[in-house]
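The values are calculated or read from the model by the stated rules, or taken from the named source; none is laboratory data. Please read these numbers as outputs of a predicted model, since none were measured by experiment. All Cβ positions, glycine included, derive from the backbone under ideal geometry; neighbour counts span all protein chains shown. Areas reflect the complete protein model, heavy atoms only, side chains present, ligands, DNA and RNA absent. Shrake-Rupley method; radii C 1.70, N 1.55, O 1.52, S 1.80 Å.
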Amino acid sequence: MVSRPQIEFVLFDMDGLMIDSEKVYTDVTNRILGQYGKKMTWDIKAGLMGKPEIAAAEHLLSFFPDIPLTLDSYLSQRNTLQDDIWPTVPLLPGVRKLVLHLKACNIPIAVATGSKRRNFELKTGH
């Protein structure tokens, strides 16, 4: 009989795995751009993923040189809108059940994120 290796711990990535943060990023960005009759396409969004905050915002705005939206104004609007949404973002399907199962099995878990601490706290405070 072949023995299976024991799970010693589990490390989760929060954004996109535990919560659907990508939907929030897309909805908020399109809400801001919508004020100017614009919309972020998948190709634009793909170019934003993995970039630091300012680099991502600069990349985004480079596609819309005809709108009067500064980097600072975009980031301010985005942060305000996201701050209102983060406390209500639910876990993705199956996450709660898996976390509770791991806890019941005494398997240590941790969450990794590239989010700033204040955003992490908003996303997880509920």
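Checking each residue in the stretch 1-51 for being open to solvent by less than 90 Å² (accessible area, probe 1.4 Å), without any contact (Cβ under 8 Å) to a residue 12 or more places away in the chain and of a type in the set (S, T, N, Q) picks out 30, 41.
Considering the stretch 34-126, the qualifying helices (runs of 4 or more DSSP H), each wholly inside and each with 3 or more residues that are under 14 Å from residue 14 (Cβ atoms), run over 95-104, 117-124. Could you figure out which of (1) of a type in the set (A, V, I, L, M, F, W, C); (2) within 16 Å of residue 17 (Cβ to Cβ); (3) surrounded by 12 or more Cβ atoms within 10 Å (Cβ to Cβ) isn't true of residue 69? That leaves (2) as the condition not met.
Using the structure shown, decide if residue 88 is at pLDDT 95 or above, closer than 25 Å to residue 117 by Cβ, of a type outside the set (A, V, I, L, M) and within 15 Å of the chain's Cα centre (by Cα). No; evaluated as a whole, the condition is false for this residue. Each residue in the stretch 1-33 was checked for being aliphatic (A, V, I, L, M) and either in a loop (DSSP other than H, G, I, E, B) or more than 30 Å from residue 101 (Cα to Cα) (or both), and 9 pass.
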